[in-house]
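What follows draws every value from the coordinates through simple rules; no lab data is involved. Quantities reported herein were computed from a predicted structural model and do not represent experimental measurements. As a convention, Cβ positions derive from the backbone with ideal geometry for all residues, glycine included, and neighbour counts pool all protein chains shown.
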């Protein structure tokens, strides 16, 4: 595995044409990097990551969506640990190189969010989330935004940008975001937000990405 190689790096290779998306000979397959992403709640996050999945070599990216009432930040991390351990015991498929738990902060108490992060950190699971809705990450594909808005305001912004009514779970919306938006802009905007948030309280406050290495732009 390339040292320091992340999902964002791989996406950059895909866009530049440098990534080898043609199936490799068996003896070279161990050079591939395998990702597990466990998402919460509704279909916004899985739709986004499954869009990438269709562009990558088979089995390179696995996504797991938790459904049903009661799923929360800690449940997502626990599910990621379970799926990782299942893969380790799988005699056929290679182990995951990167494991991510992705969730909206939504209205979860700060203490629960931090408990989830501590659990993830102690089990080599990375966390990525925003502080009202995953849709803020969508907005960053089009513009830098450092205001702490309610999710409905993100819906309005996206509707204006896309020229159509934003529907939370629509695959068509995801495709529009990739067609009209810029992943490079989203990543650079997330980095700016990270810098803005440095030095603030360890608890999640008004901005979007947590300190240290638990940030969605690292995907």
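Which order, highest average first, do 152-165, 80-93, 113-126 follow once you tally other Cβ atoms within 10 Å for each residue and take the mean per peptide?
Ranking the peptides 152-165, 80-93, 113-126 by packing returns 113-126, 152-165, 80-93.
Length gain on complete extension for the stretch residue 97 to residue 143, per 0.36 nm per residue less the alpha carbon to alpha carbon distance?
Going from the current span to full extension adds 13.4 nm.
Taking 0.36 nm per residue of separation and subtracting the Cα-Cα distance, what length does fully extending residue 86 through residue 115 add?
Between residue 86 and residue 115, full extension yields an extra 8.1 nm.
Provide the FRET efficiency to the nearest 0.05 for the residue 170-residue 150 pair, computing r from the beta carbons and using R0 = 22 Å.
Calculated value: 0.65.
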